[in-house]
Amino acid sequence: METEQDKNQGQPPAINMQVVEELSRQISKRRTIAKAFRINLPVEEAYMWLTSCYKSEVEARGLEYINDANTRQAIFQLAKALVAPNPKCGIMLCGTCGNGKTTLLYAFRTMINILNSSGHFKFLDFKVGMRIYDAKELVLMLSRLEEWRNVCGFDMIAIDDLGKEPAEVMDYGNIRSPLVDLLEQRYQRQKFTMITSNLAPDDIKAKYGERIADRFREMFGIIVFVFDSYRGKSERRNP
């Protein structure tokens, strides 16, 4: 005859959730958790700053700024992501070539450089200031181990044109996936990472695998540029 002990064999025992909650609070007090980067501004003001910096980036190249609905929407989405109360630890700008992703990336860097000393950031031990790396440059950096480790640990970096680099390379006879390794480490450390890419979100899994695609979904707020290239549409200004 089956006993009560036999029925419960292999099943977890009842647990006092009040005790679990109290222990969790005690553990949280002892743990240092990095706070995600955010800009402490109303979304309208962040939008104004980003638009001004974006316009400046376009005009610095001798081109005419096009203030269309698509541009406004992309800039506003980034502004909302940057001031969100519980931001993700990264932002990905993706879409076809020439539609302003890299320009918006540089506009964001200009913006945070301007605001850096003005108290508009909330962070714990966070060094504000973003280095921008080309994706191919990061693959080549793999052979410079100390420099590679520094990039993995910087509080803020950006990777421009993710996806144009080889997904795998040989490193001293071993097959490595440099960008996957980098993003894995930054994910574990919850470091702010910004990415531009011509890859659509669904293409990430095909190039880098399901594991990193799953990390992307958790790590990045994704802004999709659905409009066509601006190249050839902007008129070049006289110097």
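Laboratory data are not the source of any read-out in this text; all were calculated from the coordinates shown. None of these values were measured; they are calculated from a predicted model. Note: ideal-geometry Cβ built from the backbone for every residue, glycine included; neighbour counts use all protein chains shown.
So the values come out like this:
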item	result
Where labels lie 7 Å past Cα in the beta-carbon direction, separation of I66 and D134 in nm	2.5
Point-charge dipole on Cβ atoms (K/R +1, D/E -1) for segment 86-225, about Cα centre, debye to 20	360
Protection proxy ranking, peptides 64-74, 46-56, average beta carbon neighbours within 10 Å, highest first	46-56, 64-74
Per-selection metrics, segment 86-225 (Cα): Rg and Dmax in Å	14.8, 49
Simple Cβ-charge dipole of segment 64-161, Lys/Arg +1 and Asp/Glu -1, about Cα centre, in debye nearest 20	300
